[in-house]
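See structure below.
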Amino acid sequence: MSEEYGLLDPENAEEPGDEWEEIDVSDTEADRIARKRDREFSQFRERVKDSDQFKVEQSVFDDATLAALYKLVQDGYVQAFGGPISSGKEATVYSALGDEENGEVAVKIYRINASNFRDMREYLVGDPRFEELGGDKKRVVLAWVRKEFANLKRAIKAGVRVPEPLAVQRNVLVMEFMGNDGRRAPTLADARLENPETAYEVVKEYMRRLFDSGLVHGDLSEYNILVSNGELCIIDVGQAVTYHHPNSGEFLTRDCANIASFFQREGLDVHGDELENWIRENADPEK
Ligand code: ATP
Ligand code: MN
């Protein structure tokens, strides 16, 4: 029977969230470097601790985070650190000089000890990849960063404009810098939109493509869309969940409501429920 209809054998079906490689967060190269503390790393550590651009970080980075930065420099993904671009709830984003090919890059450094773990909960519960990690904060953050990297790759594959992910090391993500002539791109909330109708059409199509690839952003709003060189670029996809996640429907509804309400304020006659219906009718996340 099941052969006739080409039905997937449930044994072989993708488990919810099974689309990514297993997340091994037990120990990292950076943790090993931090433990060993050879002379070169110690010098790097002192240099970074003394540098002005990291002073805003109230709690100076722990050794393992410094080791992750050190490893990224050694591996050639970063040549020099610039200043902070933004300090958000769970991460600080810095500009940096990447390799020759990439030029300026954005480096997102997640804090492991900051007390924002609660905000991550609604995204973590129901995701088997995370439930296995229990309540271990470090491992959860590390898995989160890997997930953000994987989600960025997946969004690109789906034809959604996001920063290209370049490297991930422990709690640090290196990605394409979105800017306009070296200045960081404004968010949709800060940009002056000449043509909100077109912008809405683009965001709507990106939401559809994302959903069609089986992902829901989960924190989409005018604050997580950048306007860079005439392009709209979706960012902050660490919390994005797959279609299988028990809250994915709720997240899609919320994303649609946020986007519709922003464009309403821009004068458009759009509604969250219509947007959601359109996305659901024109995407096939189950394929
Ligand atoms: P928040 O809590 O404010 O949402 P966050 O910790 O979730 O922050 P992001 O939303 O990913 O982090 O990034 C915060 C800000 O950093 C963005 O609003 C944007 O200004 C800047 N930023 C992030 N990624 C990039 C990038 N690739 N290029 C340029 N700027 C970026
Ligand atoms: Mn954000």
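The values are calculated or read from the model by the stated rules, or taken from the named source; none is laboratory data. All figures in this text were calculated on a predicted structure; none of them were measured in a lab. Please note: Cβ atoms are built from the backbone with ideal geometry, for glycine as well, and neighbour counts cover all protein chains shown.
More than 19 Å from Gly159 (Cα to Cα), surrounded by 17 or more Cβ atoms within 10 Å (Cβ to Cβ) and aliphatic (A, V, I, L, M): does that describe Leu188?
On the way: more than 19 Å from Gly159 (Cα to Cα): yes; surrounded by 17 or more Cβ atoms within 10 Å (Cβ to Cβ): yes; aliphatic (A, V, I, L, M): yes.
When the stated conditions are applied, Leu188 passes them.
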Legend entry - Whichever residue in region 243-283 is over 23 Å from the mean Cα position of the chain (by Cα) and assigned to a loop (DSSP other than H, G, I, E, B) and, among such residues, is nearest to Leu193 (Cα to Cα): Glu266
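For (1) within 14 Å of ligand 1 (Cβ to nearest atom); (2) assigned to a loop (DSSP other than H, G, I, E, B); (3) closer than 28 Å to Arg37 by Cβ, each residue gets a yes or a no:
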position	(1), (2), (3)
Leu66	no, no, yes
Leu69	no, no, yes
Gly76	no, yes, yes
Glu101	no, yes, no
Asp119	yes, no, no
Gly134	no, yes, no
Leu142	no, no, yes
Val145	yes, no, yes
Ile156	yes, no, no
Legend entry - Checking Pro165 against (1) surrounded by fewer than 22 Cβ atoms within 10 Å (Cβ to Cβ); (2) within 16 Å of ligand 1 (Cβ to nearest atom); (3) more than 23 Å from Val125 (Cα to Cα); (4) touching a residue at least 40 places away in the same chain (Cβ under 8 Å), the condition it does not meet: (4)
Inset, instruction - Among the residues of region 183-197, count how many are within 16 Å of Gln264 (Cβ to Cβ), at pLDDT 95 or above and either among the β-branched types (Val, Ile, Thr) or away from ligand 2 (no atom under 16 Å from the Cβ) (or both). - result: 2
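How about region 203-221: which of its residues are away from ligand 2 (no atom under 11 Å from the Cβ) and either free of Cβ contacts under 8 Å to residues at least 40 places away in the same chain or out of contact with any Asp or Glu (no Cβ under 8 Å at 6 or more places or on another chain) (or both)?
Within region 203-221, the subset away from ligand 2 (no atom under 11 Å from the Cβ) is 203-216, 218.
Passing the criteria: Val203, Lys204, Glu205, Tyr206, Arg208, Arg209, Leu210, Phe211, Ser213, Leu215, Val216.
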Inset, instruction - Name, by its number, the condition in (1) in a loop (DSSP other than H, G, I, E, B); (2) surrounded by fewer than 22 Cβ atoms within 10 Å (Cβ to Cβ) that does not hold for Cys233. - result: (1)
Inset, instruction - Just one of (1) at pLDDT 95 or above; (2) in contact with a Ser or Thr (Cβ under 9 Å, 6 or more places away or on another chain); (3) within 16 Å of ligand 1 (Cβ to nearest atom) trips up Asn180, so point out which. - result: (1)
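So which of Gly238, Gly249, Gly218 is within 16 Å of ligand 1 (Cβ to nearest atom), small (Gly, Ala, Ser) and modelled with pLDDT of 95 or more? Don't jump to the end; show me each part of the working.
Values: Gly238 fails: modelled with pLDDT of 95 or more; Gly249 fails: within 16 Å of ligand 1 (Cβ to nearest atom).
Every option except Gly218 fails the conditions.
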